[in-house]
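J.: So that we are looking at the same thing, I have put the structure below in structure tokens.
The values are calculated or read from the model by the stated rules, or taken from the named source; none is laboratory data. Note that the coordinates shown come from a computational prediction; the quantities given were computed from them, not determined experimentally. Here the Cβ positions follow ideal geometry from the backbone for every residue, glycine too, while neighbour counts run over all protein chains shown. Ligands, DNA and RNA are excluded from the accessible area calculation, which covers all protein heavy atoms including side chains. Shrake-Rupley method; radii C 1.70, N 1.55, O 1.52, S 1.80 Å.
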Amino acid sequence: MLPQPLLAPVVSTIFRKMADIYNYQVGFWQRQFLQELFRAVFSLRGRVNFTNLARFSFFHEQTFRRHFRKAFRWVWFNLTVFRLRRHPEEPIIGVFDCSFLPKSGTETWGLGRFFSSLAGKPQKGLEVSVLGIVATESRRAFGVDATQTPPDLSADQTDGYSRVDFYLEQITDLYDQLAGLGVSYWVGDGFYAKRKVFNTVTGLGGDLITRLRSDANLRYLYTGPPKDGPGRPKQYDGKIDWDDQEVLTRRFDEVGRLPDQPEVRVLTTVANSPHFGRDLRVVLLIGPGGEQVILASTDRSQHAEKVVRYYRLRYQIEFVIRDAKQHAGLTHCQARSQEKLDFHLNMSVAAVNMLRLLAQKADCSLRTYRREAYNRLLIRQLFSKLGLSAEYDRTDPRIQSVIHTGRMAV
């Protein structure tokens, strides 16, 4: 037999730590199924669906269908994988993003029209909201929870319960668990620059970092001497004109340039937002051609360099989603029920976390680990069919050379 290196002991370690940390015991048959599921996902070629999983596994297709109906604590599984890779002193941030998943048919739960960034317009399909964490020093991202967006929610946040409220529920449900790991900053792209997002995150005790519109309505804080006579002290000193770079340069503090893009200037100030009803740490990035990016943090004392670095780290969650689509079949599910779809989406995210952990320990890329997993499966099947399963040494250089066929540089 040629099992995938490290897979069985790593999965066993994760289950043992889940029992120690969360007092969650995974049953024997579910342990066996999940280990075989990951082995099949990493070694198969083609789509990650029930039919193809059965082709690369000892389990029958109905076994996969039956187990995908069962609940599993994927959040605890992912956080345990995170603990295995995290440096204890490394700060971490929370990140969130949505992704469109194409889906045909008419009976799939959650089917609706969602915005596709690839097409640049709403399309028929599914949407998944992925919440993750990023280690700020090593830049390692981990998917924590994947939740499918219901189809009947309004995209207009002013019209009752909307999709934004649904996204915020995901953060609220997991906030305490992630705060216990040290997450205090939450980062989302410009879509999440909404009043209720600011209020929810700060109400939970965290801080939000996001991108503002290029014409954001902000005003300078008054820092001059107090006025004479009665009346309320002056608080604000005029609206920020984003088109007047001369005034921006004079009234903002220039703190430096981006380390990897020295042509981009970094300016900052604390300004008031009438729309959000709060003062914000505002960071302005100005490119060589005058193009601007406006970032904001609810932590007014936060350094501008950290605001920029944390916002740029937000893109790491998009790489998790990308890898889940490329290597773990995020868009391939055959199921139509809500329970099976939820299992598949979270399995895909967890598989990426696992694959990154295993590839790191094997000192190879994700694609190489999957290539070698397939090669091991092929060798095992070949020797098994020829009745030679007991007549070879897995450490034989000739066997290893076949396993490493197609290996790519890290």
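J.: Pull up the stretch 352-365, narrow it to residues that are crowded, with 19+ Cβ neighbours inside 10 Å and aliphatic (A, V, I, L, M), then point me to the one that is farthest from Ser43 (Cα to Cα).
T.: Restricting to residues being crowded, with 19+ Cβ neighbours inside 10 Å and aliphatic (A, V, I, L, M), the top hit is Leu357.
J.: May I pose another question? Going by the conditions given, is Ser154 modelled with pLDDT under 95, of a type in the set (S, T, N, Q), under 25 Å from Thr331 (Cα atoms) and touching a helix residue (DSSP H, G or I) at 6+ places or on another chain (Cβ under 8 Å)?
T.: yes
J.: Moving on. Looking at this structure, is Tyr220 open to solvent by less than 40 Å² (accessible area, probe 1.4 Å) and in contact with a Leu (Cβ under 6 Å, 6 or more places away or on another chain)?
T.: No; evaluated as a whole, the condition is false for this residue.
J.: Which residue out of Glu107, Glu127, Glu90 is touching a Ser or Thr at 6+ places or on another chain (Cβ under 9 Å), in a loop (DSSP other than H, G, I, E, B) and not aromatic (Phe, Trp, Tyr)?
T.: Just one listed residue meets the conditions, Glu90.
J.: Of everything in the stretch 1-26, what is part of a helix (DSSP H, G or I), open to solvent by less than 50 Å² (accessible area, probe 1.4 Å) and touching a helix residue (DSSP H, G or I) at 6+ places or on another chain (Cβ under 8 Å)? Give them in sequence order.
T.: Across the stretch 1-26, the qualifying residues are Leu7, Ala8, Val10, Val11, Thr13, Ile14, Phe15, Met18, Tyr22.
J.: Scan the stretch 156-165 and tell me whether some residue there is buried (at least 19 other Cβ atoms within 10 Å of the Cβ), touching a strand residue (DSSP E or B) at 6+ places or on another chain (Cβ under 9 Å) and hydrophobic (A, V, I, L, M, F, W, C).
T.: No: zero hits.
J.: Let me ask another. Can you name the number of the only condition in (1) under 30 Å from Asn199 (Cα atoms); (2) in a strand (DSSP E or B) that Glu305 fails?
T.: Failing condition for Glu305: (2).
J.: Do any residues in the stretch 360-374 that are in a helix (DSSP H, G or I) and of a type in the set (Asp, Glu) have Cβ atoms under 9 Å from those of residues that are at pLDDT below 90 and open to solvent by 30 Å² or more (accessible area, probe 1.4 Å), where the two are at least six apart or on different chains, and which pairs are they?
T.: Glu372/Pro5; Glu372/Ala362; Glu372/His404; Glu372/Thr405; Glu372/Gly406; Glu372/Arg407
J.: Return yes or no: is Thr172 outside any strand (DSSP E or B), among the polar types (S, T, N, Q) and open to solvent by less than 80 Å² (accessible area, probe 1.4 Å)?
T.: yes
J.: Condition first: part of a loop (DSSP other than H, G, I, E, B), within 18 Å of Gly277 (Cβ to Cβ) and in contact (Cβ under 8 Å) with a residue 40 or more places away in the chain. Now tell me which residues in the stretch 183-234 satisfy that.
T.: Matches in the stretch 183-234: Ala193, Gly206, Arg213, Ala216, Asn217, Leu218.
J.: Here's a follow-up. Quick check on Arg47: is it open to solvent by 50 Å² or more (accessible area, probe 1.4 Å), touching a residue at least 40 places away in the same chain (Cβ under 8 Å), of a type in the set (D, E, K, R) and closer than 20 Å to Phe343 by Cβ?
T.: Yes; evaluated as a whole, the condition is true for this residue.
J.: May I ask you to list the residues in the stretch 87-102 that are touching a residue at least 60 places away in the same chain (Cβ under 8 Å) and charged (D, E, K, R)?
T.: Asp97
J.: Follow-up question, since we're still on this one. I need every pair where a residue in the stretch 116-127 that is of a type outside the set (Lys, Arg) has its Cβ under 6 Å from the Cβ of a residue that is outside any strand (DSSP E or B), sequence separation at least 6 or different chains.
T.: Between residues of the stretch 116-127 that are of a type outside the set (Lys, Arg) and residues that are outside any strand (DSSP E or B), the close pairs are Gly125/Lys103; Leu126/Lys103; Leu126/Gly110; Glu127/Thr149.
J.: Enumerate the pairs (first residue in the stretch 7-26 and farther than 16 Å from Ala350 by Cβ; second residue anywhere and open to solvent by less than 40 Å² (accessible area, probe 1.4 Å) and not polar (S, T, N, Q)) with beta-carbon separation below 6 Å, excluding pairs fewer than 6 apart on the same chain, so at least 6 apart or on different chains.
T.: Partner pairs satisfying both residue conditions: Gln25/Ala19.
J.: Residues that are of a type outside the set (S, T, N, Q), open to solvent by less than 60 Å² (accessible area, probe 1.4 Å) and either over 20 Å from Leu378 (Cβ atoms) or in contact with a Lys or Arg (Cβ under 7 Å, 6 or more places away or on another chain) (or both): does the stretch 51-60 have at least one?
T.: no
J.: Can you tell me how many residues in the stretch 308-333 are under 22 Å from Ile209 (Cβ atoms) and either assigned to a loop (DSSP other than H, G, I, E, B) or touching a residue at least 24 places away in the same chain (Cβ under 8 Å) (or both)?
T.: Number of matching residues: 13.
J.: Of everything in the stretch 281-299, what is surrounded by 14 or more Cβ atoms within 10 Å (Cβ to Cβ) and assigned to a loop (DSSP other than H, G, I, E, B)? Give them in sequence order.
T.: Listed by number, the residues that qualify are Thr298, Asp299.
J.: Specify the residue that is most open to solvent (accessible area, probe 1.4 Å); the eligible residues are those in the stretch 65-89 that are more than 21 Å from Gly143 (Cβ to Cβ) and modelled with pLDDT of 95 or more.
T.: Arg69
J.: Now a separate question. Which residues, counting only those in the stretch 27-44, are surrounded by fewer than 13 Cβ atoms within 10 Å (Cβ to Cβ) and part of a loop (DSSP other than H, G, I, E, B)?
T.: Gly27
J.: For the stretch 229-242, state whether one or more residues are among the hydrophobic types (A, V, I, L, M, F, W, C) and farther than 29 Å from Glu291 by Cβ.
T.: No, the stretch 229-242 contains no residue that is among the hydrophobic types (A, V, I, L, M, F, W, C) and farther than 29 Å from Glu291 by Cβ.
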